[in-house]
Amino acid sequence: MEPTEKRKDKRVKRVLILCIHPFNTVPGQRFRFEQYMKYLEANGYELHFSPLLSQEDQKIFHKPGHYFGKFNIVLKGLIKRIQEQLRSKKYDLIFAHRQAFVLGTAYFEKNLGKKIPMIFDFDDAIWMNNVSEANKKLGFLKGSAKTSDIIRYSSLVFAGNEYLANYSRKYNNNVVVVPTTIDTDMYQHKQENNNGQPVCIGWSGSFSTIQHFKRAIPALQKIKEKYGEKVQFRIIGDANYYCEELQTQGMAWKAATEVEDLSKIDIGIMPLPDDEWANGKCGLKGLQYMGLGIPTLMSPVGVNKIIIQNGINGFLPDSEEEWIDALSMLIEDKEQRKKVGDAGRQTVLDKYSVKAWESKYLGYFDQLTGNV
């Protein structure tokens, strides 16, 4: 399906957005669809944002234990989704990000998808049973296999990359690749640090992905030994994490200061294992660095190999030696940092920005609602 270029009918259409987390609290939602909401509203859509969790629920949900509280959250969410199903006729379109409900059932997506056109959006290999440490004992309730059912019941699937799209096409013929994108108005090109300041190597993620950062520690240790006080490290995502090898305390991720915190990085890294889960990822960390003009190193896994042209707009180091060589060259050559960073920024502007995708994004909504 290709979006149309002109809009003929600008009648307001109502969209029910089903997701798990509150607004502006998790990267997957922010960079997949939340940053398009104002644009959709300005172009004839009335959006009803319906997260399963409240801000308070979210805090409980990600803590170990608290089983009674989590039971109440699930019960409350169940009632909420049933009520929405009963009111579903007032909507022209359903937009479901990852899943409508946290338990292993596609009941709500199935029933809604039978009545109303539905877009299913996802950006990870969520058909795998990947459960956080906090909810490991409840992992048997997740039912990740429901992903294939949700895809079947959807009118259109937004897959974050070709790997996810290939999986989706087993169950649905109407699949398009919609990459994770950056709001380049917000992500303004960073200024190179002044001469004499340590070069900052940084990573951004979450408490659940800190394991990926740890893959780079052996190479970063050698960089620290080689350059001493000429380098420093920034680990964004988990304030409780302390990297003894680099003697660096992690810092909490905050939506309000995200761009400012990232802008203090001179070289961004995104190490990943080469496994099925990592192949499903959409390169968000790397795109964030690149969007700010930060030279970026990403493991040559999945979509990273499409985003990065090695040595031109970033680097794809594989072995420890390649990580050390690429980092050393960027640490020593300020002009190369700027050249690669500028090329990365241009890649985001051309292919992975909200501006580059907003008209296509709108077009998909228009086709399903007849708003063309």
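List of remarks:
- Residue count, segment 24-38 (criterion: under 17 Å from Gln99 (Cβ atoms) and in a loop (DSSP other than H, G, I, E, B)): 3
- Considering segment 240-258, and only residues there that are among the hydrophobic types (A, V, I, L, M, F, W, C) and under 26 Å from Gln188 (Cβ atoms), the residue that is farthest from the chain's Cα centre (by Cα) turns out to be Met251.
- Elements of type helices (runs of 4 or more DSSP H) in segment 288-372, at least 1 residues being more than 25 Å from Lys224 (Cβ to Cβ) and either at pLDDT 95 or above or assigned by TED's automatic domain parsing to the domain that holds Val175 (or both): 304-307, 334-351, 354-369
Rundown of residues vs (1) modelled with pLDDT under 95; (2) buried (at least 16 other Cβ atoms within 10 Å of the Cβ); (3) among the aromatic types (Phe, Trp, Tyr), yes/no style:
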site: Ser206; (1), (2), (3): yes, no, no
site: Ala216; (1), (2), (3): no, yes, no
site: Lys230; (1), (2), (3): no, no, no
site: Arg234; (1), (2), (3): no, yes, no
site: Asp238; (1), (2), (3): yes, yes, no
site: Lys254; (1), (2), (3): yes, no, no
site: Glu276; (1), (2), (3): yes, no, no
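- The residue pairs whose first member lies in segment 138-162 and is surrounded by fewer than 23 Cβ atoms within 10 Å (Cβ to Cβ) and among the charged types (D, E, K, R), whose second member is at pLDDT 95 or above and not in a strand (DSSP E or B), and whose beta carbons are closer than 6 Å, counting only pairs six or more residues apart or on different chains, are Arg152/Tyr171.
- Pairs meeting the criteria (first residue in segment 342-359 and under 20 Å from Arg30 (Cβ atoms), second residue among the polar types (S, T, N, Q) and assigned to a helix (DSSP H, G or I), beta carbons under 7 Å, at least 6 apart or on different chains) are Val354/Gln35.
- Any chance Ser359 is within 30 Å of Met118 (Cβ to Cβ), surrounded by fewer than 23 Cβ atoms within 10 Å (Cβ to Cβ) and in contact with a strand residue (DSSP E or B) (Cβ under 7 Å, 6 or more places away or on another chain): no
- Going through (1) of a type in the set (A, V, I, L, M); (2) crowded, with 24+ Cβ neighbours inside 10 Å; (3) outside any helix (DSSP H, G or I); (4) in contact (Cβ under 8 Å) with a residue 40 or more places away in the chain one by one, Leu272 falls short only on (2).
- Members of segment 152-174 that are in a strand (DSSP E or B) and within 19 Å of the chain's Cα centre (by Cα): Val157, Phe158, Ala159
- Qualifying residue in segment 319-331 (condition: in contact with a His (Cβ under 7 Å, 6 or more places away or on another chain), in contact (Cβ under 8 Å) with a residue 60 or more places away in the chain and either crowded, with 17+ Cβ neighbours inside 10 Å or not acidic (Asp, Glu) (or both)): no
- Checklist (1) of a type in the set (Asp, Glu); (2) within 19 Å of Tyr187 (Cβ to Cβ); (3) modelled with pLDDT under 95 applied to Glu34, failing item: (3)
- Hey, Val102 outside any helix (DSSP H, G or I) and more than 17 Å from Asn172 (Cβ to Cβ) or not: yes
- Residue that is touching a residue at least 40 places away in the same chain (Cβ under 8 Å) and touching a Pro at 6+ places or on another chain (Cβ under 9 Å), where the choices are Leu284, Leu297: Leu284
- Residue in segment 175-187 that is outside any helix (DSSP H, G or I), farther than 24 Å from Gly314 by Cα and outside the structural domain of Leu292 (by TED's automatic domain parsing) present: yes
- Residues that are closer than 25 Å to Asp333 by Cβ and in contact with a helix residue (DSSP H, G or I) (Cβ under 6 Å, 6 or more places away or on another chain) within segment 263-285 comprise Ile267, Gly268, Met270, Pro271, Gly283, listed in sequence order.
The values are calculated or read from the model by the stated rules, or taken from the named source; none is laboratory data. Here the structure is a predicted model, which is why all the values come from computation and not from measurement. All Cβ positions, glycine included, derive from the backbone under ideal geometry; neighbour counts span all protein chains shown.
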